[in-house]
């Protein structure tokens, strides 16, 4: 059952590997008369290639070589096609960097844990430029609990449904079946005492709990301190005044989880799982425009936001005479609690006093507010080997449900003039507005892996989704793999992908107000404010057409290489609107979220790895962004023109491995105009290329104890934040730091 669980844990990783030519049906098929019998295919993480066309893997061994400081995004970013960016190209919240696959932006990267969607970041309010004050959803599992991370890109990711237009990151956790205990300690000490120290400790206990039961429990505490508010050098603002842009805020993770697996009958397992996580920040002074203001400075070092995530799920895996199945039902509940923030004008999204404590009519105290988000997800997937027209094949059939239910009494508090309220059909007084919103999505999909002949494998797929918010979405796809020889393989793929509007964009009660500076520009002139942007229940889904062509080589002497060209046409992209609905009005101009934009993204990604004798191994990968452009000429996300990752492993002894690695980031072009207002920037500031070098070692002391130690940013390359908007210098890279990790199992 363990091998079977490894095959099904991510839902479609097996079929993806088949279509990529890594697992061929002929090697496992026997002809018996008119019936093709497929022998059992056992795939483990060690047997699967780390880099293939459209898919990469980060193994537990990779995480040991360079332990994660706080978030596995630090390691995932080193895969081909992957970078880290803020929520949008505005540069706001630039240090809140999240996984961005193929330049499609974090909102188009779907995060999974053991094949189940993670949607907590959807509880965070989306501002007019598309920004969210969130770190994303890649940090809900301690690194020491991870077995591997699968990164799936392009057309192969499209069949995962909404939010996977860029790709999918599936975090697969450890599930020991023999009695196992594990304790981990990690310390990361920056050389610069203005940068935050990291300390982490965790444990896992797993094994049999009876004849037919196994269990796993784990706990984790991970604290990374916030950077000092004066870490970055002061800059002159437009008024000629010196101001400092905030560096990285800190974060404290507290995680607990329990899993019970019941071997119901031969070939059938049932999981019951409960996880609880709390992420609290350590505020570093970040504001909407990035500058540390006087009010923001008073909160530095305190907790200004916290996220609680609870999940309860049950999963069934079954083996039958005709195939295999995996089905689950999950409840994910998120409490997004933070100090109240401004809802209009300059203070928007900045922490502001919101309680009058002395009765003078002026707010002079802070208060925490909460947005609650409940996500119900369910999925059933069936994989059936079969014979189609005499060709060895497998058929995957599945159905999926996602329901989002939000209680938000906070972001709807902007008032409306009576005439606009009547036009929109919502109350003018925020106290009378509905605080709950929801959307439901049902999807059905089919995928077949057909071995057309000895060299060609075809993988057609079709997905249909129905949403009570926007209606239908069809997502057809086709991948083809052709093996020229044992060494050379080509893959072509094309697929339609989509993304649902979020609940803030859909909610007609969500009213954004700007006093003027956030109003749009037309023909070089900004219209007078105030302006309002409201949610639009008539939005359609965003769509993209993803295509790729790639070639891979796996030859002698451990040489593996691949090169892929990808092209995404992004359509129906949702923006905050430039169409005025109360035509002729010169004040309180009304706009809505609209399906208004297009974008084109294209690029190259590749990898190369080889053994250098018996004691050395070299691997490298690169990403080259050829085009990332919205229909207004601005970049879709702030990613480097190119990225190169390289690592040299020295196996000094059987117990000691030393790794020297480097990443070179190319130039990042700044936006030339404000994506919210269309105002052209007088000056722009791009980020120059830079290189980060790391040195680390792993010593396996004995069968149960391991030490990892090293230096990150060995050359102490300084990369600081100096602005937002017209600048691409919107984030910090941490300076030189020293780390040590201790892991003990028993």
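The values are calculated or read from the model by the stated rules, or taken from the named source; none is laboratory data. Bear in mind the structure is a predicted one, so any value in this text is a computation, not a measurement. Note that each Cβ is placed from the backbone with ideal geometry, even for glycine, and that neighbours are counted across all protein chains shown.
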For region 683-706, which positions are loosely packed, with under 15 Cβ neighbours inside 10 Å and either in a strand (DSSP E or B) or free of Cβ contacts under 8 Å to residues at least 12 places away in the same chain (or both)? 691, 701, 702, 703, 705
Given the residues 586, 610, which is the only one that is over 27 Å from residue 571 (Cβ atoms), surrounded by fewer than 20 Cβ atoms within 10 Å (Cβ to Cβ) and touching a helix residue (DSSP H, G or I) at 6+ places or on another chain (Cβ under 7 Å)? 610
Does residue 614 satisfy the criteria of being outside any strand (DSSP E or B) and in contact with a strand residue (DSSP E or B) (Cβ under 9 Å, 6 or more places away or on another chain)? yes
Looking at residue 716 and the list (1) surrounded by fewer than 21 Cβ atoms within 10 Å (Cβ to Cβ); (2) in contact (Cβ under 8 Å) with a residue 40 or more places away in the chain; (3) more than 18 Å from residue 83 (Cβ to Cβ); (4) touching a strand residue (DSSP E or B) at 6+ places or on another chain (Cβ under 9 Å), which single condition is not satisfied? (4)
Identify, please: which residue in region 437-461 is within 24 Å of the chain's Cα centre (by Cα) and free of Cβ contacts under 8 Å to residues at least 60 places away in the same chain and is, among those, nearest to residue 500 (Cα to Cα)? 440
Could you grab the pairs with beta carbons closer than 8 Å, sequence gap of 6+ or different chains, first residue in region 285-305 and under 18 Å from residue 239 (Cβ atoms), second one part of a helix (DSSP H, G or I) and modelled with pLDDT under 90? 287/296
Only one of 200, 132, 159, 148 is buried (at least 24 other Cβ atoms within 10 Å of the Cβ) and at pLDDT 95 or above. Can you tell me which? 148
What are the residues in region 414-432 that are buried (at least 16 other Cβ atoms within 10 Å of the Cβ), in contact with a strand residue (DSSP E or B) (Cβ under 9 Å, 6 or more places away or on another chain) and in a helix (DSSP H, G or I), if any? 420, 424, 430
Do we find a residue being under 19 Å from residue 342 (Cβ atoms) and either crowded, with 19+ Cβ neighbours inside 10 Å or under 23 Å from the mean Cα position of the chain (by Cα) (or both) anywhere in region 539-552? no
For region 595-613, how many residues meet the condition of being within 24 Å of the chain's Cα centre (by Cα) and in contact (Cβ under 8 Å) with a residue 40 or more places away in the chain? 7
Residues satisfying the stated conditions in region 617-651, i.e. under 18 Å from residue 76 (Cα atoms), in contact with a helix residue (DSSP H, G or I) (Cβ under 9 Å, 6 or more places away or on another chain) and assigned to a strand (DSSP E or B): 647
Determine if region 253-269 includes at least one residue that is part of a loop (DSSP other than H, G, I, E, B) and surrounded by fewer than 20 Cβ atoms within 10 Å (Cβ to Cβ). yes
Given the criteria without any contact (Cβ under 8 Å) to a residue 40 or more places away in the chain, outside any loop (DSSP other than H, G, I, E, B), within 15 Å of the chain's Cα centre (by Cα) and surrounded by fewer than 22 Cβ atoms within 10 Å (Cβ to Cβ), does residue 61 qualify? no
Six or more apart or on different chains, Cβ atoms under 6 Å: show the pairs whose first residue is in region 207-227 and farther than 21 Å from residue 259 by Cα and whose second is exposed (fewer than 15 other Cβ atoms within 10 Å of the Cβ). 223/199; 225/197
